[in-house]
1. In degrees from 0 to 90, rounded to the nearest 10, what is the angle of the helix 281-301 Cα long axis to the longest principal axis of the chain?
2. Computed from the coordinates I sent, percent of Cα pairs over 41 Å apart equals one of [x] 23; [y] 18; [z] 64. Tell me the label.
3. Please figure out what share of the DSSP beta bridges in region 293-440 is antiparallel and state it in percent, rounded to the nearest 5.
4. Specify the angular offset, from 0 to 90 degrees and rounded to the nearest 10, of the alpha carbon long axis of helix 18-31 from the longest principal axis of the alpha carbons in the chain.
5. Would you mind calculating the gained length between residue 166 and residue 444 on full extension (0.36 nm times residue separation, minus the Cα-Cα distance), in nm to one decimal?
6. Report for the chain the percent antiparallel among DSSP-assigned beta bridges with both residues inside it, nearest 5.
7. What distance in nm separates the simple spin-label points at residue 55 and residue 119, each placed 7 Å from Cα in the Cβ direction?
8. Hey, fewest Cβ within 10 Å first, where do 83, 311 land in order?
């Protein structure tokens, strides 16, 4: 059984303003001390973008990142003095931003660590960043818990994120840095918990995400992004977990990677027995590759990787962006907008006849913890409720919860997606687990979160004043929503 959780900080619990600090520091230098060489470089303020940060700087040690940024913009630095100057000023800038609380803490991360604390799991902070503790000290948990309706005996008005940890090795100088596990082994020793009873929560290769997912529109529009990002994540995480001695890895697939027309309910052995749904084929192939990689590493190396197949997920912290979200959060967003604007009609994709199964996110977390403690097999395991409903029935239920009384109209010229996706959950039920959150109650909790935290943000702003919710409606008063994933 898991006794302790060891957390990296940046990219897991908080999102430090590194991208902003690098950009603003470089701009300041180019406008002042380096102004005389500006015309001889490729630098312009608009050319420093998030993409440049991700591909040139992100993930590198500070000195190496600074040198790479100067090289990218053609800023001559024969003796390394400009690299050092950029490093020093960037560090000053990021400290200033953190002290002004101009960074974010991830709501899903906060919910997860609070749930572990409530379960009595020992916690350790283990970040190589010298700024990690500064950020942990700035995040007060009581306002977050109050908005989430969480009553926890260990959270008071003065409780900060840093106070949750039983051990803290952030910012220490270790002889061997990451990816060597010395920092995590040290944390486990301070907790007095054997390493094989600890789980490490690290950030994934593409920021905090461990997969790139979306609904029909996103999958249709961005197939290259979906296959590349998910293959890159799978290969990096699985291979590095094996090479660096991870004792057990949890890999998540998805119910949408089963064949389009496989028998219902879907048993685990139906994977790769028929053609995939065309609208999400790129995503499905990448996720199947991750499962095959886990099973191959188990066969060749004896690597203990567990693969679970969750059904459609929803809950607080979901993605409500209408271009990239799944059906349930999209419907919440659209019905809320219709209620606020007084729209008489909402147009939905497809016929409304496809059937879908939905699992509340806290139930998935419960299932994963259960499997981590009770399952070591190489076969995939479905995780769901074992119950489904039509998209029309889902829309009517969400309309009731939101409190909008307008008309639903389905557009049959839009794609439906897979006709039915209902998982056979007899394997996980046989192990002793089943979901406990009724769909109506889960939707109610999700809608409450949406109202408290919109615009569609998946992060908790550290600043005390949250922005007011705003939205745009179509001029004709009808609101179109993506249908189903």
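1. Value to nearest ten degrees: 70.
2. [x]
3. DSSP beta bridges in region 293-440 are roughly 15 percent antiparallel.
4. In the chain, helix 18-31 runs at an angle near 40 degrees to the longest axis.
5. Length gained, residue 166 through residue 444: 96.6 nm.
6. Approximately 20 percent, going by the DSSP bridge assignments.
7. 4.0
8. Least crowded to most crowded, the residues run 83, 311.
Any read-out appearing in this document is the output of simple, stated calculations on the displayed coordinates, not a laboratory observation. Being a predicted model, the structure only gives us computed values, none of them experimental. Here Cβ is always computed from backbone atoms with ideal geometry, including for glycine, and neighbour counts include all displayed protein chains.
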